[in-house]
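Working notes, structure below.
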Amino acid sequence: MKKIFLFLLLLFPFSTKAISANSYIVMDQDSGRVLEGSQIEKESLIASISKIMTCIVALEYGDIESTVSVDNTILKAYGSGVYIQVGEELTLDDLLYGLMLRSGNDAALMIAKHVAGDVSSFVYLMNEKALAIGMEHTHFVNPSGLEENDGSANTSTVYDMALLTRYAMQNENYRRIVGTENITVKSSYKTYVWTNKNRLLTSYSPCTGGKTGFTQKARRTLVTTASQDDMSIIVVTFNDGNDFADHKSLYEKYFFSYKRKLVLDKNEDYGEQVYLKSDYYLLSKEDDVVTTKIEMDEIKNQADGEIVGKIKVYLNGEEIGYRYLFYERPSVTKDKSFLSKLLDNVLFWR
């Protein structure tokens, strides 16, 4: 029996070690379902992974091709930087590479000033976006993630940061920036060569992006994303001294034992004049039991496109998601008589 067990370990060598983070989460990027985690709603300091929000707000409110003229705003920056200089000019897109690849705090301040007019107005946009995404336990005080002199700091949860990352990964420019291993940028003053601090991006091929973070108070924070076999997963860890190894271990665990399955197909027939707008995919293990249940309202004088029910999805008896059913009003066009069809054909060929 021991020989068989040893053989299985050699055949399927995936890690089962414990995660060393104070809090962590594994989320299915497609559905937003939490696959695993610990203390996922514990509010903590988040350090430079704050820059994920800085980046997405800049992409949504700014023009990436616009020219940024560096001013005295950067003189307030300290900690990690890309060392841009007052009077220097470069594009917003270039600064976003400096922000996300090198975690430049000077870049963060200059991006905020350029996009919103001043840093405080930009922070307001960050908090508004957090509320819109559903980040209920997050608060930003600056675009960098550093603790302020008065003790205030950016705080969030691993769940909220996974929500933010899931949202950001829908943006093509965000995916391009965080998925870049290294880049050469030319400004009006000099040429920069920046390498991504996210070591998982260069050492683990399924990794598609992410952001590192560190301060003495927050310790190591890390957000990464990875995709393999049509599965896309987000991992977030707070206060984890072994974060890169832990992220890789979690990805290997889920990519090895889970599959992406189509549970609800929008092209299926769900009843007369009823339809789904989108498919429902689920990450699950081979022996998981997936069931569905349709709940319908009475169809009576509904408008076209109105919700008339939902299909709930259950995994091993537990409800994990749903898709709404929509009403499609039937065509009021009456069948044409034989004579009418004949006249249509005659007129068509004239």
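The values are calculated or read from the model by the stated rules, or taken from the named source; none is laboratory data. As the structure is a computational prediction, the values presented were derived from the model and not from experiment. Neighbour counts run over all protein chains shown; Cβ positions are idealised from the backbone, glycine included.
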Step by step: first the residues of the range 271-290, then only those that are more than 27 Å from the chain's Cα centre (by Cα) and at pLDDT 90 or above, then the one that is nearest to residue 32 (Cα to Cα). Which residue is that?
289
Go through the range 214-250 and count every residue that is on the phi < 0 side of the Ramachandran plot, of a type outside the set (Phe, Trp, Tyr) and either in contact with a helix residue (DSSP H, G or I) (Cβ under 7 Å, 6 or more places away or on another chain) or part of a strand (DSSP E or B) (or both).
21
Quick one: which residue in 99, 90 is under 23 Å from the mean Cα position of the chain (by Cα), assigned by TED's automatic domain parsing to the domain that holds residue 177 and surrounded by 21 or more Cβ atoms within 10 Å (Cβ to Cβ)?
99
Quick check: is even one residue across the range 251-261 without any contact (Cβ under 8 Å) to a residue 24 or more places away in the chain and either surrounded by fewer than 17 Cβ atoms within 10 Å (Cβ to Cβ) or farther than 27 Å from residue 56 by Cα (or both)?
no
Hey, does the range 46-57 have a residue that's modelled with pLDDT under 95 and within 19 Å of residue 176 (Cα to Cα)?
no
The range 198-208 - residue that is part of a helix (DSSP H, G or I) and among the hydrophobic types (A, V, I, L, M, F, W, C) and, of those, nearest to residue 55 (Cα to Cα)
201
Given the range 12-113, what strands (runs of 3 or more DSSP E) lie entirely inside it while holding 3 or more residues that are in contact (Cβ under 8 Å) with a residue 40 or more places away in the chain and over 16 Å from residue 154 (Cβ atoms)?
23-28, 34-38
Selection over the range 279-305 where residues are without any contact (Cβ under 8 Å) to a residue 12 or more places away in the chain and surrounded by 12 or more Cβ atoms within 10 Å (Cβ to Cβ) yields a count of 0
Flag if residue 267 is within 26 Å of residue 43 (Cβ to Cβ) and either in a loop (DSSP other than H, G, I, E, B) or in the same structural domain as residue 103 (by TED's automatic domain parsing) (or both)
no
Kindly indicate whether residue 275 is out of contact with any helix residue (DSSP H, G or I) (no Cβ under 6 Å at 6 or more places or on another chain) and either farther than 30 Å from residue 46 by Cβ or without any contact (Cβ under 8 Å) to a residue 12 or more places away in the chain (or both).
yes
If only one of 293, 253, 211, 261 is assigned to a strand (DSSP E or B), closer than 29 Å to residue 41 by Cα and out of contact with any helix residue (DSSP H, G or I) (no Cβ under 9 Å at 6 or more places or on another chain), which one is it?
261
Take the conditions in the same structural domain as residue 142 (by TED's automatic domain parsing), at pLDDT 95 or above and under 18 Å from residue 139 (Cβ atoms) and apply them to residue 38. Does it pass?
no
How many residues, within the range 199-209, are of a type outside the set (A, V, I, L, M, F, W, C) and touching a residue at least 40 places away in the same chain (Cβ under 8 Å)?
5
Sort out for me the helices (runs of 4 or more DSSP H) sitting completely within the range 119-197 that have 1 or more residues that are of a type in the set (Gly, Ala, Ser) and touching a residue at least 12 places away in the same chain (Cβ under 8 Å).
119-133, 158-168
Scan of the range 208-223 for residues that are surrounded by fewer than 18 Cβ atoms within 10 Å (Cβ to Cβ) and touching a strand residue (DSSP E or B) at 6+ places or on another chain (Cβ under 6 Å), ordered by number:
217
Taking the residues in the range 148-187 that are over 20 Å from residue 98 (Cβ atoms) and touching a Leu at 6+ places or on another chain (Cβ under 7 Å) as candidates, determine which candidate is surrounded by the fewest Cβ atoms within 10 Å (Cβ to Cβ).
155
